[in-house]
Amino acid sequence: MHFILTFSCPDRPGIVAAISSVLADKGANISETHQFSDPDTGRLFMRLAFVAPNTNSLAHMEHCLNPVAAEFDMTLRLHDANVLPRIIIMVSRFDHALLNLLYQVRVNWLRAEIVAIVSNHQDSAQTAAQAGIPYYYWPVNKDNKTEQEDKLRALVKETGAALVVLARYMQVLSDSLSAEMSGRIINIHHSFLPSFKGARPYHQAYARGVKLIGATAHYVTADLDEGPIIEQETARVTHNLSPEDYIATGRGVESQVLARAVKLHVEQRVMLNGRRTVVFS
């Protein structure tokens with residue numbers, strides 16, 4: 001079996017040796033390892049990918065690791081790397097980020113299963129039909145917002161989705177849903193946060209004459225556009241470009257940044273560290 005182990009704990013001597021000893025006892029071969037000791041918090045963050053030929057279940061491997069986790073006060077998660085994570089994508093009218101995610105899954109660069117597409121518009125219904133993915137058209141207004149979010153909760157439970165991706169979904173999720181699914185909703189913001197937040201960021205950038213524009217993928221929190229950042233990218237622009245040129249350039253950056261962030265997440269390469277992230281790329 002192929003596993004991915006991630007954990008964080010107060011840093012002290014003996015942690016890596018203890019984990020390695022358990023894996024060695026199970027005949028495991030470590031294929032990839034990353035670690036980071038945060039000097040500000042005194043916590044160790046670690047990710048290991050390994051093959052365990054003498055282990056026949058995830059539960060058995062977890063049972064073997066639990067004593068070490070208790071000894072070192074670890075927040076530990078073990079994943080079966082052969083199981084494709086299930087994803088729900090939410091989109092409004094701009095579909096460039098959605099289309100790129102569908103493509104990256106199709107060519108197996110992004111190893112995940114898209115189990116549903118949810119939208120407050122009908123624009124992407126044909127795209128979902130062509131991909132063979134269930135499409136849910138849920139218009140949102142101030143009167144039915146709670147009802148529609150309850151539908152999303154039910155859909156997450158029904159499909160077993162591990163992640164919700166906001167691929168230019170232009171509705172603000174409630175504080176309660178954001179808190180409930182903390183670390184399980186990724187948004188692409190069409191700006192290089194924290195600059196130019198809010199509406200019409202490319203027009204703001206154009207008005208300020210910036211020479212770099214960009215996009216930011218981050219986890220959704222109750223604080224709008226303030227969640228822990230996973231991935232960012234910039235593109236150079238010049239004075240002779242129009243706002244529409246900025247938007248066209250931004251579409252490509254947004255699509256790439258979101259796809260990379262989702263890939264990092266589903267491969268268990270992102271670990272929350274307060275308001276920041278540790279990303280083992």
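The values are calculated or read from the model by the stated rules, or taken from the named source; none is laboratory data. Note that this is a predicted model, so its numbers are computed, not measured. Note: ideal-geometry Cβ built from the backbone for every residue, glycine included; neighbour counts use all protein chains shown. In case anyone asks, the SASA skips ligands and DNA or RNA and just uses the protein heavy atoms, side chains included. Shrake-Rupley method; radii C 1.70, N 1.55, O 1.52, S 1.80 Å.
The combined condition, being of a type in the set (G, A, S) and within 27 Å of M271 (Cβ to Cβ), is fulfilled by A167.
Listed by position, the helices (runs of 4 or more DSSP H) inside the range 4-109 whose residues that are open to solvent by 70 Å² or more (accessible area, probe 1.4 Å), touching a residue at least 12 places away in the same chain (Cβ under 8 Å) and not assigned by the TED database to the domain that holds V172 number at least 1 are 15-25, 58-71.
Number of residues in the range 251-271 that are surrounded by fewer than 20 Cβ atoms within 10 Å (Cβ to Cβ) and farther than 20 Å from D80 by Cα: the value is 4. I'm trying to understand the selection: among the residues of the range 154-174, which are farther than 14 Å from V91 by Cβ, among the small types (G, A, S) and open to solvent by less than 20 Å² (accessible area, probe 1.4 Å)? Result: A161, single match.
Among the candidates L272, L224, single out the residue that is in a loop (DSSP other than H, G, I, E, B) and out of contact with any Ser or Thr (no Cβ under 8 Å at 6 or more places or on another chain). Testing whether each residue is in a loop (DSSP other than H, G, I, E, B) and out of contact with any Ser or Thr (no Cβ under 8 Å at 6 or more places or on another chain) leaves just L224.
Here is a yes/no grid of residues against (1) part of a helix (DSSP H, G or I); (2) open to solvent by 10 Å² or more (accessible area, probe 1.4 Å); (3) of a type outside the set (A, V, I, L, M):
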| residue | (1), (2), (3) |
| --- | --- |
| S182 | no, yes, yes |
| I186 | no, no, no |
| S191 | no, no, yes |
| A199 | no, yes, no |
| V210 | no, yes, no |
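Against the condition more than 19 Å from the chain's Cα centre (by Cα) and open to solvent by 60 Å² or more (accessible area, probe 1.4 Å), how does Y246 come out, does it pass? Steps first, answer last, please.
Numbers: more than 19 Å from the chain's Cα centre (by Cα): yes; open to solvent by 60 Å² or more (accessible area, probe 1.4 Å): no.
For Y246, the condition - more than 19 Å from the chain's Cα centre (by Cα) and open to solvent by 60 Å² or more (accessible area, probe 1.4 Å) - is not met.
Residues that are of a type outside the set (S, T, N, Q) and on the phi > 0 side of the Ramachandran plot within the range 236-281 comprise just one, G274. Taking (1) under 16 Å from A167 (Cα atoms); (2) without any contact (Cβ under 8 Å) to a residue 40 or more places away in the chain; (3) open to solvent by 20 Å² or more (accessible area, probe 1.4 Å) in turn, Q232 satisfies each apart from (2). Scanning the range 125-161 for residues that are outside any loop (DSSP other than H, G, I, E, B), farther than 22 Å from M181 by Cα and within 22 Å of the chain's Cα centre (by Cα) yields a total of 2.
Please state which one of L152, L224, L166 is without any contact (Cβ under 8 Å) to a residue 60 or more places away in the chain and assigned by the TED database to the domain that holds R93. Can you show your working first?
Working: L152 fails: without any contact (Cβ under 8 Å) to a residue 60 or more places away in the chain; L166 fails: without any contact (Cβ under 8 Å) to a residue 60 or more places away in the chain.
Testing whether each residue is without any contact (Cβ under 8 Å) to a residue 60 or more places away in the chain and assigned by the TED database to the domain that holds R93 leaves just L224.
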